[in-house]
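One structure below.
The values are calculated or read from the model by the stated rules, or taken from the named source; none is laboratory data. Source: prediction; values computed, not measured. Cβ: placed from backbone, ideal geometry, glycine included. Neighbour counts: every protein chain shown. Quick note on the areas: whole protein, heavy atoms, side chains included, nothing else; ligands and nucleic acids left out. Shrake-Rupley method; radii C 1.70, N 1.55, O 1.52, S 1.80 Å.
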Amino acid sequence: MKTTSASAIRLNLRDVAQLFNSLDSSPFVDRDLDAPAEEFIVNWARELPPENELELVITLAAPAPADHVGGIENAIRRYFGTRASIKQLEFTQLMKRGRLSHFVGLLFLVLCLLLGNSLNGVGDNSLSGILKEGLTIAGWVAMWRPLDIYLYDWWPIYEERRGLERIARIEVRV
């Protein structure tokens, strides 16, 4: 059985309120994290070994209300779980756009190639050759965006979602 160790992210705060967005009027467990706190946690999690589970150790200068201490872990997990779900939705939408772009690009490529082939016996050979090559290039350029989506654009979203899912399982100690 493989055991994984936990990597600690240490956060020193004056009070619990520093962890959450002060403008969010939601109940405590549903509040958004403060942007600098989120960025701190995400950046530290990226730097820690990916095979290790994460632990967030929060040190408070002022004691927190007992009802808040118990809800901190749930609030943090819920926040990062929601962010991971949003990234999954973003990934799904990107793949849908990729499929649509792929269909449109292929259709345009086929149209350009057919139009280019129809120019074979028309007029001056050099002019028809230039037009044929231009249509071929235009058709392949239309395939650039779908290929860009399928080859490169999905990686950052996928990796970010995995990182957020990892943080959503974080153990919190106050």
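Here are some notes:
- Tallying residues that are under 12 Å from the mean Cα position of the chain (by Cα) and exposed (fewer than 15 other Cβ atoms within 10 Å of the Cβ) within segment 91-106 yields 2.
- Restricted to helices (runs of 4 or more DSSP H) entirely inside segment 108-174, those with at least 2 residues that are in contact with a Phe, Trp or Tyr (Cβ under 7 Å, 6 or more places away or on another chain) and under 28 Å from residue 54 (Cβ atoms) are 154-168.
- Criterion: among the hydrophobic types (A, V, I, L, M, F, W, C) and open to solvent by 70 Å² or more (accessible area, probe 1.4 Å) - qualifying residue of 61, 35, 17: 61
- Breaking point among (1) closer than 13 Å to residue 19 by Cα; (2) at pLDDT below 90, for residue 56: (2)
- Selection within segment 108-156: residues that are closer than 30 Å to residue 94 by Cα and of a type in the set (Gly, Ala, Ser). The member of this set that is least open to solvent (accessible area, probe 1.4 Å) is 139.
- Meets criteria (within 30 Å of residue 144 (Cβ to Cβ) and touching a residue at least 24 places away in the same chain (Cβ under 8 Å)) for residue 96: no
- Qualifying residues in segment 64-90 (those that are among the basic types (Lys, Arg) and more than 14 Å from the chain's Cα centre (by Cα)) - the one surrounded by the fewest Cβ atoms within 10 Å (Cβ to Cβ): 78
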